[in-house]
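Nothing in this text is a laboratory measurement; each read-out follows from the coordinates by a stated rule. Only a predicted model underlies this, so the values are computations on that prediction, with no experimental measurement involved. Backbone-built Cβ (ideal geometry, glycine too); neighbour counts: all protein chains shown.
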Amino acid sequence: MTCDLDVLSLAAPGVRSLHPYQPGKPESELRREYGLRDIVKLASNENPLGPSPKALAAVQAALADLARYPDGNGFELKTALATRLGVSMAALTLGNGSNDVLELVARAFLTPEHEAVFAAHAFAVYPIVTQAVGATARIAPANPPDHAMPYGHDPATLLGQINDRTRVLFIANPNNPTGTWLNSAELEALLEAVPERVIVVVDEAYGEYVDAAADCPDALRWLERFPNLVVTRTFSKVYGLAGLRVGYAVSHPAVADVLNRVRQPFNVNSLALVAATAALEDSEHLARSQRLNRAGMQQLQDACRAWGLRWLPSVGNFLCIDMQRPGRDVFLELLKRGVITRPVDNYGLPNFLRISIGSTAENARCIDALSDVLRA
Ligand SMILES: *Cc1c(COP(=O)(O)O)cnc(C)c1O
């Protein structure tokens, strides 16, 4: 359809140059396009076990009340989170996924006069929320490929991008799509060095997957010391509730107060609220999910070793593999074999492919398909 109206010129300046977030390819799309039936999706870092049965039961029970608005303050979920995390309820901000919370930070703290800083290869939502409010993004060069944490965040370059106009610093720990992380000493030193007027968002979407041995810190321990710290978490990853959209921020109550001012009154739906609350109580499901991920990570790394392929260090539920050829080509070949992975050329990593850890059978399917592609 032609359009005589130049709609783009009417859009806010930041929005004009925005590129929409590219999600992992949905299974249903591949089924339509290729007529394939038996499809394995390892493209969006979802939990192969799905949600806790307790969460599903809570959703079932809540269906009867769908005519009612949700609890706009999320009292029960906040109570459960506050108890679990050892923080006050006033420190919590709930979001329609943690992406919503990231956007709340941008809307509350950034203007066209301000800047946000984040690292190259960092999670794609940071530039989107920054540009959408007309603020300027400053991108800090990442570690070089030969670094112990290749393509990971570099605290020195992040600090180097901070100036008088900086209002927000986004850090994904661990980062998606690389899997890399800042260790306790690095993150603590960075928090100490950043001026207090810069809100530091530490995005811990994969925090529950982190192995204690890895020294990838739980940033909640620094909340008391740094009133400018915002830690974000989600129920989309290890809790297996990506479809319901629920995440949260933990911060100083004064920051939470500001975030809650720009929040939509009912941003978290009633099914998400009850599912998340129930999911928090199922520590067994959490432990099972963590164990399955650890085993799957081993399974995929063993295969990479056999192929002679290198991967980036990861404490998440995904592995970013150097394919030594365009990752998108491998992605397309895998699609034909019914396996959906994630090319990361749009993240400045053209030769890498990000593969989520699935069930043992899903990983095996992916490994077989990839062996086939690599032989061809
Ligand atoms: C998946 C992911 C999120 C979570 O997004 P939701 O909106 O909570 O589903 C946040 N940050 C990073 C780095 C992620 O990879």
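Descriptive notes on the structure:
- In plain terms, the C-alpha convex hull of the stretch 64-281 casts an average shadow of 11.7 nm² when viewed from every direction.
- Annotated for the chain: lysine pairs at least 8 residues apart or interchain, Cα distance under 25 Å, count 9.
- Per-residue packing, averaged as other Cβ atoms within 10 Å, sorts the ranges 317-326, 157-166, 135-144 into the order 317-326, 135-144, 157-166, beginning with the highest.
- Theoretical ellipticity at 222 nm over the chain - DSSP helices of four or more residues, -39500 (n - 2.57) apiece, nearest 500: -11500 deg cm²/dmol
- Based on Cα atoms of the stretch 299-350, Rg over Rh with Rh as the Kirkwood radius reads 0.94.
- Applied to the stretch 361-376, the Karplus parametrisation 6.51 cos²θ - 1.76 cosθ + 1.60 on θ = phi - 60° returns per-residue 3J(HN,Hα) values of 5, 5, 4, 4, 4, 5, 5, 4, 4, 5, 4, 4, 5, 5, 6, 4 Hz, with x for Gly and Pro.
- Distant-in-sequence amide contacts of L229, defined by a placed amide H-H separation under 5 Å and a gap of 5 or more residues or a different chain, comprise V200, H252.
- In order along the stretch 53-70, the Karplus-derived 3J(HN,Hα) couplings, from 6.51 cos²θ - 1.76 cosθ + 1.60 at θ = phi - 60°, round to x, 5, 5, 5, 5, 5, 5, 4, 5, 7, 4, 4, 9, 5, 6, 8, 5, x Hz, and Gly and Pro are given as x.
- P(r), alpha carbons of the chain - 10 Å bins starting at zero, rounded %: 5, 23, 32, 27, 12, 1
- Cα-Cα P(r), the stretch 107-178, percent of pairs per 5 Å interval: 3, 19, 28, 23, 15, 8, 3, 1
- Treating each Cα of the stretch 10-136 as an identical point scatterer and summing with the Debye formula, the log10 of I(q)/I(0) at q = 0.11, 0.22 Å⁻¹ comes to -0.67, -1.22.
- Using θ = phi - 60° and Karplus 6.51 cos²θ - 1.76 cosθ + 1.60, couplings along the stretch 301-306 (whole Hz; Gly, Pro as x): 5, 4, 5, 4, 4, 5
- Neighbour-count order for L241, L280, fewest beta carbons within 10 angstrom listed first: L280, L241
- Close amide H partners of T166, meaning residues 5 or more places away or on another chain with modelled amide H under 5 Å apart, are E115.
- Cubic angstrom per residue, convex hull over Cα atoms of the stretch 183-315: 143 Å³
- Here the stretch 264-334 and the stretch 94-108 have alpha carbon centers that stand 22 Å from each other.
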